[in-house]
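First up is the structure itself, then whatever we jot down about it.
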Amino acid sequence: MKSYHKKKTVDCLGMGIVPLDLLFYVNKYPQAGQKIDADNFYMQGGGPVPNVLIGLSRMGYKTALIAAVGDDLFGKIGIEELKKEGVDHRLVMVKNKPSAKGMYSLLATGWIENKTGRRTMVLSRKIFVKPSDIILSKLPLPKIIHLDGRDMPATMKLARWGKRVGALVSFDIGSMRNDVSEVFPFVDHLVVAENYAFPFTKTKNVKKAIKKLATMCPGTIIITEGIKGSTGWNSQEQKFFFQPAFKVKDIDTTGAGDCYHTGYLYGLLKGYRLAKRMELGSAAAALKCTKPGARSGIPTERELLRFLKSNPQTYNW
């Protein structure tokens with residue numbers, strides 16, 4: 001890691017994976033043993049946290065990423081995309097394995113169904129961020145730390161440090177994988193997908209799920225449910241908020257959850273209240289779904305505000 005000046009600050013510091021996404025668009029998911037042709041193909045960088053940082057960068061905020069990539073083509077592409085998008089990549093580590101084969105960067109392959117926009121993603125990962133990789137004295141001071149819990153020991157180190165330096169801690173998890181609940185007491189803004197919230201809390205009622213999460217997380221809690229909208233809990237006001245999802249022509253839902261976080265954190269940096277932050281998150285997620293891939297549809301600030309001014313329709317449930 002290269003040193004920052006002690007007074008260097010960023011709006012959002014994130015830590016997460018940087019896979020290269022290979023996205024195949026098909027008319028219908030293939031059955032086991034079946035061979036089909038793809039209608040289209042896109043290759044671009046991905047990863048929940050990098051996608052959010054790119055979104056905030058497009059909206060004019062200073063962002064920096066902590067991550068690990070291999071000394072290979074995929075890693076180089078990942079870093080180049082971050083540089084192009086204005087995300088500070090000085091904390092991205094290039095790791096080399098002491099062998100002739102090297103250490104491979106992350107690679108994700110996805111199938112997206114044309115008619116529905118549904119997707120299935122498969123991730124290959126052999127590289128990780130360890131607590132010893134993070135030298136706290138070399139980090140910029142962030143207003144927000146955004147995490148997704150992929151590397152929990154390193155996540156805990158950053159979350160604890162964030163609380164000490166007065167940063168807000170934002171956390172994202174979209175599905176059940178590793179146990180991330182250890183970080184919840186340190187989280188100020190917990191925004192999770194239904195695919196995580198319901199199985200983790202063992203309920204399919206969104207308010208009951210939030211109440212259970214609130215016993216572990218003292219901050220603001222939001223559960224997103226795709227086109228069913230999102231439900232938020234303001235712990236200070238002890239009040240629920242609901243935001244319907246906006247209607248758009250779905251091309252690809254890849255990265256929609258990441259973009260919800262982008263809009264939400266944009267609103268948080270603006271100082272908006274919870275209801276407005278949720279509206280911005282829903283709008284950003286909807287705009288992303290109109291274009292293929294996780295990053296091509298991430299809106300700029302102008303595009304986001306223009307969309308909301310157009311009085312877009314919402315889904316009714």
Please give the FRET efficiency for Thr116 paired with Leu22, using the beta carbon to beta carbon distance and R0 = 25 Å, rounded to the nearest 0.05.
-> 0.80
Projected onto the charge dipole of the stretch 131-253 (unit charges on the beta-carbon of Lys, Arg, Asp and Glu, signs +1, +1, -1, -1), the Cα from Val180, Phe198, Pro153 with the largest positive-side position is that of Phe198
Sorting Gln236, Leu139, Leu213 by the position of each Cα along the dipole of the chain (Lys, Arg +1; Asp, Glu -1; all at Cβ), the one nearest the positive end of that ordering is Gln236
Expressed in µm² per second, the diffusion coefficient of the stretch 177-218 from the Stokes-Einstein equation, with Rh the Kirkwood radius over alpha carbon pairs, at 25 °C and 0.890 mPa s, is 234 µm²/s
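Only bridges with both residues in the chain count here: give the DSSP antiparallel percent, nearest 5.
Details: 22 of 57 bridges.
Roughly 40 percent of the DSSP beta bridges within the chain come out antiparallel.
Indicate the helices, whole DSSP H runs only, in the chain that combine a mean Kyte-Doolittle hydropathy of 0.0 or more with a Cα extent along their long axis of 15 angstrom or more. Don't skip to the end; give the middle numbers.
Values: long enough: 48-58 (16 Å, 0.74); 73-85 (18 Å, -0.28); 152-165 (19 Å, -0.36); 256-270 (21 Å, -0.05); 274-288 (21 Å, 0.35).
The answer, listed by residue number, is 48-58, 274-288.
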What whole number of Å gives the distance from the Cα centroid of the stretch 31-49 to the Cα centroid of the stretch 215-256?
-> 27 Å
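Hey, got the dipole for the chain? About the Cα centre, +1 on K and R Cβ, -1 on D and E Cβ, debye to the nearest 20?
Values: 49 positive and 27 negative charges, 134 e Å.
It comes to approximately 640 debye.
Fully extended, how many nm does the chain gain between Lys208 and Arg164 (0.36 nm per residue separation, minus their Cα-Cα distance)? All intermediate terms of the calculation are to be shown ahead of the outcome.
Values: separation 44, 0.36 × 44 = 15.84 nm, distance 3.14 nm.
Result for the pair: 12.7 nm of gain on full extension.
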Of all the Cα-Cα pairs you can form in the stretch 219-274, what percent are over 19 Å apart?
-> 31 percent
Determine the principal axes of the Cα atoms in the stretch 7-60, then give the extent along each, sorted from largest to smallest and rounded to whole angstroms.
-> 57, 19, 13
Picking from Tyr272, Gly255, Cys289, whose Cα lies most toward the positive end of the charge dipole for the stretch 240-317 (charges on Cβ: Lys, Arg +1; Asp, Glu -1)?
-> Tyr272
For Lys28, what is the net charge nearby, where nearby means another residue's Cβ is under 15 Å from its Cβ and Lys, Arg count +1, Asp, Glu -1?
-> +1
Computed lengthening from Asn311 to Phe242, 0.36 nm per intervening residue step minus Cα-Cα distance = 23.1 nm
Where does the chain land at 222 nm, in deg cm²/dmol rounded to the nearest 500, when only DSSP H runs of n ≥ 4 count, each adding -39500 (n - 2.57), divided by all residues?
-> -9000 deg cm²/dmol
With no solvent and one point per C-alpha, what does the Debye sum give as log10 I(q)/I(0) for the stretch 252-310 at q = 0.20, 0.25, 0.26 Å⁻¹?
-> -0.62, -0.92, -0.98
Pairs of lysine in the stretch 95-187 with Cα under 27 Å and at least 8 positions apart or on different chains: total?
-> 20
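Scan the chain and hand back the longest stretch that contains none of the trypsin sites (Lys or Arg not before Pro) lying in DSSP loops with at most 12 other Cβ atoms within 10 Å.
Excluding the exposed sites themselves, the longest stretch runs over 36-100.
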Kindly work out what percent of the DSSP beta bridges joining two residues of the stretch 88-223 are antiparallel, to the nearest 5.
-> 35 percent
Label zone at Asp179, where the point sits 7 Å out along the Cα-to-Cβ direction: the stretch 116-150 residues whose backbone N lies under 18 Å = 149-150
So for R0 = 45 Å, FRET eff. of Leu73-Lys270 from the Cβ-Cβ r, to 0.05, ends up at 0.75
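Please express the shape of the stretch 138-252 as an equivalent ellipsoid: the semi-axes are the square roots of 5 times the eigenvalues of the C-alpha gyration tensor, given largest first in whole angstrom.
Details: eigenvalues 119, 51, 45 Å².
After scaling each eigenvalue by five and taking roots: 24, 16, 15 Å.
Computed from the coordinates by the stated procedures, all read-outs in this text should not be read as laboratory data. Given the structure is predicted, the values throughout are model-derived calculations rather than measurements. We place every Cβ from the backbone using ideal geometry, glycine too, and count neighbours over all the protein chains shown.
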